[in-house]
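S.K.: What follows is a structure written as structure tokens; I'll ask about it next.
What follows draws every value from the coordinates through simple rules; no lab data is involved. Everything quoted here is computed from the prediction, not taken from an experiment. Cβ atoms come from the backbone with ideal geometry, glycine included; neighbour counts cover every protein chain shown.
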2 protein chains.
Amino acid sequence: MNKGMIKVSVLYPNGKDNTFDMDYYCNTHVPMVAGLLGDAVKGATVEKGLGGGSPDSPATYAAMGNLYFDSMDTFEKSFGPNIDAIMADIPNFANSEPIIQISEVMI
Amino acid sequence: MNKGMIKVSVLYPNGKDNTFDMDYYCNTHVPMVAGLLGDAVKGATVEKGLGGGSPDSPATYAAMGNLYFDSMDTFEKSFGPNIDAIMADIPNFANSEPIIQISEVMI
């Protein structure tokens, strides 16, 4: 991805009472989101949390999903009309509310 | 980056008392880390937090830095001998302790 692009990160908290279905997320949710948002999405990545900074410490996030857009405008115009459908799918793979962060790609 | 790679994320919390020098981070810290870790690093990205999921909400993280490695083994062997030098540079650009997350690239 290139400097100046918009990265939208969805961070699913880890925890003993938190569940996350990585197979559903990768094979159903992310393709659904990509289909809804169409050409506005310039890239999508998913990571599974393995651990924290010190040995044997848990990962803060069970999963991180990231979408890249050319601008805030293309993100908002594609995401806005689809946000209800996207949010409604979250209980199908996670029981915790994700943290959403909008960032600008610097490097 | 490719499926199965290791992504090490360093997440710097946002907050009214938190400072973060993005110029120093991008132009001094990240090149220093890349130089210390050498060929083990397969990619590096940096993002600046712009906002959260709801309008006008703040970003959870002021900055996110990510390094990619081929395996946990190459990460640990390159990072271990350099961790003290890397950590000692953090006060030069941030006054808060970052969250570190080790992840596996799924998509």
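S.K.: Could you tell me the ratio Rg/Rh of the protein assembly as shown? Both radii from Cα atoms, Rh via Kirkwood.
M.R.: 0.95
S.K.: Same structure, new question: Take peptide A:42-52, look around each residue's Cβ out to 10 angstrom, count Cβ atoms belonging to other protein chains, and average those counts.
M.R.: Whole-number average of other-chain Cβ neighbours for A:42-52 is 5.
S.K.: Taking a virtual spin label 7 Å from the Cα of A:ASP39 along the C-beta vector, which residues in segment A:70-97 bring their backbone nitrogen under 19 Å of it?
M.R.: Taking a point 7 Å out along Cα→Cβ of A:ASP39, the residues of segment A:70-97 whose backbone N falls under 19 Å are A:70-82.
S.K.: In the Gaussian network model of chain A, springs joining C-alpha atoms below 10 Å, which of A:TYR24, A:TYR68, A:TYR12 carries the largest mean-square fluctuation?
M.R.: Of the options given, A:TYR24 has the highest mean-square fluctuation.
S.K.: Through the Karplus equation 6.51 cos²θ - 1.76 cosθ + 1.60, θ set to phi - 60°, convert the phi angles of segment B:73-84 into ³J(HN,Hα) values in whole Hz; use x for Gly and Pro.
M.R.: With coefficients 6.51, -1.76 and 1.60, one gets 5, 5, 4, 5, 5, 8, 7, x, x, 10, 4, 5 Hz.
S.K.: Let me ask something else about it. Excluding residues on the same chain fewer than 8 positions from B:LYS48, give the lysines whose Cα lies under 16 Å from its Cα.
M.R.: Cα-Cα hits under 16 Å: A:LYS3, A:LYS7, B:LYS16.
S.K.: Continuing with this model, one more query. Against the globular-protein guess of 2.2 N^0.38 Å, express the Cα radius of gyration of chain B as a ratio, rounded to two decimals.
M.R.: This ratio for chain B stands at 1.09.
S.K.: Here's a follow-up. Could you calculate the contour length gain from A:MET32 to A:GLU97, that is, 0.36 nm times the residue separation minus the distance between their Cα atoms, to one decimal place in nm?
M.R.: Gain in length upon complete extension: 21.5 nm.
S.K.: Describe numerically, in nm with one decimal, the distance between label points set 7 Å from Cα along Cα→Cβ at B:ASP21 and at B:ALA88.
M.R.: Label-label distance for B:ASP21 and B:ALA88, simple model: 1.7 nm.
S.K.: Within segment B:1-81, list the trypsin sites (Lys or Arg not before Pro) lying in a DSSP loop whose Cβ has at most 15 other Cβ atoms in a 10 Å radius.
M.R.: B:LYS3, B:LYS16, B:LYS42
S.K.: Continuing with the same structure: How large is the dipole of chain B about the Cα centre if only Lys and Arg carry +1 and Asp and Glu carry -1, each at its Cβ, rounded to the nearest 20 debye?
M.R.: In debye, rounded to 20, chain B gives about 240.
S.K.: While we're on this one: Which value, in debye to the nearest 20, describes the size of the charge dipole of the protein assembly as shown about its Cα centre when Lys and Arg Cβ atoms bear +1, Asp and Glu Cβ atoms bear -1, and nothing else is charged?
M.R.: 240
S.K.: Taking each residue of B:95-107 in turn, how many C-beta atoms of other protein chains fall within 10 Å of its C-beta, and what is the average?
M.R.: 6
S.K.: Sticking with this one: Given the -39500 (n - 2.57) contribution per DSSP H run of 4+ residues, what per-residue ellipticity at 222 nm results for chain B, rounded to the nearest 500 deg cm²/dmol?
M.R.: That calculation yields -5500 deg cm²/dmol at 222 nm.
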